[in-house]
Amino acid sequence: MSNVSKAYEIAKEVYAGIGVDTDQALEKLKSIKISLNCWQGDDLNGFLFQEQSQNGGIQATGNYPGKAGNCAELRQDVEKALSMIPGNHKLSLHATYTDTEEKVDLDTLEPRHFDSWIQWAKEKGVGLDFNATCFSHPMADTGFTISSADPAIRAFWIEHCKISRKIAEHMGKELNERCVTNFWFPDGYKDIPVDRVGPRMRMKTALDEVFSLPIDSRYNLDAVESKLFGIGKESYTVGSNEFCLGYAAQNHVALTLDAGHFHPTEVISDKIPTVLLFVDELLLHVSRPVRWDSDHVVIMDDELAAIAQSLIRNDLLARTNIGLDFFDASINRTAAWVIGTRNTIKALLRALLEPTEALMKLELAGDYTSRLAMLEELKSYPFAAVWDYYCEAMGVPVREAWLSEIKDYEREVQFKRG
């Protein structure tokens, strides 16, 4: 028996003392899929318009060497990351990550342009999610896309969003696993607008047209994502939290909650159980806003723990899709995936190791003293031993052993890229 297994047996006994079955918790953890954000691998440049500069509030900072320059390199990096992450997961693609040499625009993409991704996903046992790319394009240079007052601009983005749904449905059918399609729009004003209603009326009408296209819900789930403000859109955002929440609730589409898209003092952990009273499903973009939507790599902080607790304590996993959203170009990009995804899974495991039923009984009984005492004592329970065992059992590196693999990989592969 390895030292990791020995430590686990001790931890298992400790948790059993408070009524927690660690084996059962690990079995549940295996079923939770995290959707890795493809854009971490290349700073959200994509491969469709590599000559187009980023705009629409999108910015990756840093210039760490070795980023992926094409689909093959990106897939290679994703595979490396997944080899160090326990469990079976998904990859979330933006529309600009199509693998084609054809001259095609966002409004003329077809499902076949993503067939190489689908084939790769089948071979690797990876699920796919999708995102309409409504930024970093000449048709977004006015600051407005689907809510534009220009009918031609609006029509272009409506068509792109319709096509995105078709692509996602195709992915879902081919992989026999539902694809989640996210819609975020950078539309807004830098300075104070006079008309706050018109753009939102146009966005609502446009979305109604996008979602009127018949799509099989077994293979695609639509989600709308709000934002407080964007770079150059500081005074007014068309797709605000109220707009997206209202639209999702009224039209039975999923709501996307991004950890960095709210006021710096707001957190999404409390929003999760609240909005699920009114919307059918959620898509989470797990990120880390240091000041605001700065998209830092996810760490094991209090908010990540609280997000996991909201999902586990309230039994909301079945109605929640968990994705990552960060892009850090100042560190090894593959390492960023490993760090962020492992931390997200760790947080879920910690929540699964709580004696939730017992804690709720204390709460209902009004015994807040015991509730506080137990929650604090749980912080020093041997969670790490259970995590190490899970990694070993799933065939991925234990603790920081993965880091030396990353260092070898960047030296032998990534640093040799042009």
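The values are calculated or read from the model by the stated rules, or taken from the named source; none is laboratory data. Remember, it's a predicted structure, so these values are computed and weren't measured experimentally. Note that we place each Cβ from the backbone using ideal geometry, even for glycine, and neighbour counts take in every protein chain shown.
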Exercise. Looking at the stretch 120-140, which of the residues that are out of contact with any helix residue (DSSP H, G or I) (no Cβ under 9 Å at 6 or more places or on another chain) and either more than 30 Å from S83 (Cβ to Cβ) or not small (G, A, S) (or both) is surrounded by the fewest Cβ atoms within 10 Å (Cβ to Cβ)?
Worked result: E123
Seminar exercise, completed: Taking the stretch 206-234 and keeping residues over 16 Å from the mean Cα position of the chain (by Cα), modelled with pLDDT of 95 or more and within 20 Å of D195 (Cα to Cα) leaves A206, L207
Exercise. If you scan the stretch 84-113, which residues turn out to be of a type in the set (A, V, I, L, M, F, W, C) and in a loop (DSSP other than H, G, I, E, B)?
Worked result: M84, I85, V104, L106, L109
Problem set entry | So K361, is it under 24 Å from I307 (Cα atoms), of a type outside the set (V, I, T) and either in a loop (DSSP other than H, G, I, E, B) or without any contact (Cβ under 8 Å) to a residue 12 or more places away in the chain (or both) | yes
Exercise. Taking the stretch 364-390 only, how many residues are buried (at least 16 other Cβ atoms within 10 Å of the Cβ) and not in a helix (DSSP H, G or I)?
Worked result: 2
Exercise. List pairs: first in the stretch 277-297 and at positive phi, second small (G, A, S), Cβ under 9 Å, 6+ apart or cross-chain?
Worked result: D295/A60; D295/G260; D295/S287
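Matching residues to (1) closer than 23 Å to H94 by Cβ; (2) part of a helix (DSSP H, G or I); (3) among the aliphatic types (A, V, I, L, M):
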residue: I158; (1), (2), (3): yes, yes, yes
residue: V194; (1), (2), (3): no, no, yes
residue: T205; (1), (2), (3): no, yes, no
residue: I215; (1), (2), (3): yes, no, yes
For this session: Would you confirm whether any residue within the stretch 252-263 is modelled with pLDDT of 95 or more, surrounded by fewer than 18 Cβ atoms within 10 Å (Cβ to Cβ) and either more than 16 Å from the chain's Cα centre (by Cα) or closer than 28 Å to L175 by Cβ (or both)?
Result: yes
Exercise. Restricted to the stretch 294-327, and to residues that are in a loop (DSSP other than H, G, I, E, B) and buried (at least 23 other Cβ atoms within 10 Å of the Cβ), which residue is nearest to the chain's Cα centre (by Cα)?
Worked result: D325
For this session: Would you check if there is a residue in the stretch 264-283 being within 13 Å of the chain's Cα centre (by Cα), under 14 Å from N321 (Cα atoms) and among the hydrophobic types (A, V, I, L, M, F, W, C)?
Result: yes
Exercise. What is the one condition in (1) more than 30 Å from D115 (Cα to Cα); (2) surrounded by fewer than 20 Cβ atoms within 10 Å (Cβ to Cβ); (3) in contact with a helix residue (DSSP H, G or I) (Cβ under 9 Å, 6 or more places away or on another chain) that F144 does not satisfy?
Worked result: (2)
